C-alpha cells in the first residue's frame, strides 16, 4: 500500500469515533422549579436524585438538571418558569406550593410537568382527575393538609393541658392558608379546642408572631405545612424554644432542626417518586397517561431533647409509635 493510501485509511479510521459521537442523542435536560432556596431542599434533592437513578438516569452522566429557585419570592415564579420553557427542557419538576405548579402550567401546555402537591390537585384545578390527569401535568399527591386532626391529637397528647392552640400560616400563600385553616378549625371544634390564627410571611414576622402568641397565652402552636416555613425551620425551632412554647410541624426536617414533634408525609420519598415519574417521561411516557400517585408514607418524629428542655414528658405511647426519637 502506498503511503498516501495508508494515510487516507488512517484518517477515515480516526474519524469513526467522532462520527459515532455525533450520532448519539443529546443528553436530556430536566428543569427543576421551586419557590425556596436550595439549602432548604438538600435532603429532598437527594431523594429526587435517587428516584432518577432508579429510573436509569444519573445527573451529569445521562441527564442534566437546570435548577431555578424563587428564593421565597413567589412573584419571580412566572419568569423562572418561562425561562425553563425557553430552554426547551424535556420535563419540568415543580415543588414548593401550588403557586409553582400554576406558574409552570401557565408557561407551557406541551412540556411535561411533574408536581408534588400537599393539596388535592383536582380541587385546585391542576388536573382533571387522579386516574386521568389529562393535559401535560401529573405528579404525586401527599397527605399533609389532611392530617390536621391527627396532628392536633398528638399535640394535646404531648401537652395534655392545652386548650388554646395557635395556628401559624403564611398570608402570602392563600391556597395553603385556606386549606390549613379549614382542616384545623374542623378538627379543633370536634376536640373542644380554641384556635387563634397567627400570620407570618417573613423572618421578622415569625419572631413577631411568636412574641404575640406568648402575650396572648397560647398553649401550643400548630405550624402549617407552608413551603416558606420549611425554609425557615431552624428559625422556627429556635424561636419556639426561646419562648418555651410547644409546637408541632408537618415534616421530619423540622424535628431534625430542633422542633419538638413532627407528623406528616415522608417528603423525601415524595421527591423520589416525582423523579421516577420524570424518568418515565424521559423514556417516552406521556403525563396524561400517568395517574396521580398518592404518597401514603407517614412519619412521626419526636425530638426528645427539645421535650426535656421544654419540661415536657413524652408519653410512652408516643415513644412506642414514633418512627424516630431524636435524643
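The values are calculated or read from the model by the stated rules, or taken from the named source; none is laboratory data. These numbers come from a predicted model, not from an experiment. As a convention, Cβ positions derive from the backbone with ideal geometry for all residues, glycine included, and neighbour counts pool all protein chains shown.
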Legend entry - Some residue of segment 255-262 being surrounded by 22 or more Cβ atoms within 10 Å (Cβ to Cβ) and in a helix (DSSP H, G or I): yes
Legend entry - Looking only at segment 190-200, and only at residues there that are in contact with a helix residue (DSSP H, G or I) (Cβ under 7 Å, 6 or more places away or on another chain) and outside any strand (DSSP E or B), the one that is surrounded by the most Cβ atoms within 10 Å (Cβ to Cβ): 200
Inset, instruction - With the condition kept exactly as written, say whether any residue in segment 192-213 is in contact (Cβ under 8 Å) with a residue 40 or more places away in the chain, in contact with a strand residue (DSSP E or B) (Cβ under 7 Å, 6 or more places away or on another chain) and under 30 Å from residue 34 (Cα atoms). - result: yes
Legend entry - Unique residue being under 30 Å from residue 286 (Cα atoms), surrounded by fewer than 22 Cβ atoms within 10 Å (Cβ to Cβ), out of contact with any strand residue (DSSP E or B) (no Cβ under 6 Å at 6 or more places or on another chain) and touching a residue at least 12 places away in the same chain (Cβ under 8 Å) when the list is 132, 123, 156: 132
Inset, instruction - Scan segment 25-43 and give yes if some residue there is in contact with a helix residue (DSSP H, G or I) (Cβ under 7 Å, 6 or more places away or on another chain), at pLDDT below 95 and in a helix (DSSP H, G or I), otherwise no. - result: yes
Inset, instruction - Can you work out which of the residues in segment 97-119 that are in a loop (DSSP other than H, G, I, E, B) and in contact with a helix residue (DSSP H, G or I) (Cβ under 8 Å, 6 or more places away or on another chain) is surrounded by the most Cβ atoms within 10 Å (Cβ to Cβ)? - result: 118
Inset, instruction - Select, from 96, 116, 135, the only residue that is farther than 20 Å from residue 231 by Cα and either modelled with pLDDT under 95 or assigned by TED's automatic domain parsing to the domain that holds residue 51 (or both). - result: 135
Legend entry - Check on residue 257, within 30 Å of residue 215 (Cβ to Cβ) and either in contact (Cβ under 8 Å) with a residue 60 or more places away in the chain or in contact with a helix residue (DSSP H, G or I) (Cβ under 8 Å, 6 or more places away or on another chain) (or both): yes
Inset, instruction - Might you let me know whether segment 280-287 holds any residue that is buried (at least 18 other Cβ atoms within 10 Å of the Cβ) and out of contact with any strand residue (DSSP E or B) (no Cβ under 8 Å at 6 or more places or on another chain)? - result: yes
Inset, instruction - Filter segment 68-96 for residues that are outside any helix (DSSP H, G or I), in contact with a strand residue (DSSP E or B) (Cβ under 9 Å, 6 or more places away or on another chain) and farther than 21 Å from residue 179 by Cβ and give the result. - result: 68, 69, 87, 88, 89, 90, 91, 92, 93
Inset, instruction - Determine whether residue 91 is at pLDDT 95 or above and over 17 Å from the mean Cα position of the chain (by Cα). - result: yes
Inset, instruction - Being over 19 Å from residue 264 (Cβ atoms) and under 26 Å from the mean Cα position of the chain (by Cα) is the filter here, so list the residues in segment 306-327 that pass it. - result: 327
Inset, instruction - Give the residue, chosen from 231, 295, 250, that is surrounded by fewer than 24 Cβ atoms within 10 Å (Cβ to Cβ), touching a residue at least 12 places away in the same chain (Cβ under 8 Å), closer than 26 Å to residue 51 by Cβ and touching a strand residue (DSSP E or B) at 6+ places or on another chain (Cβ under 8 Å). - result: 295
Legend entry - Among the candidates 182, 145, residue that is touching a residue at least 40 places away in the same chain (Cβ under 8 Å), farther than 22 Å from residue 210 by Cβ and not in a strand (DSSP E or B): 145
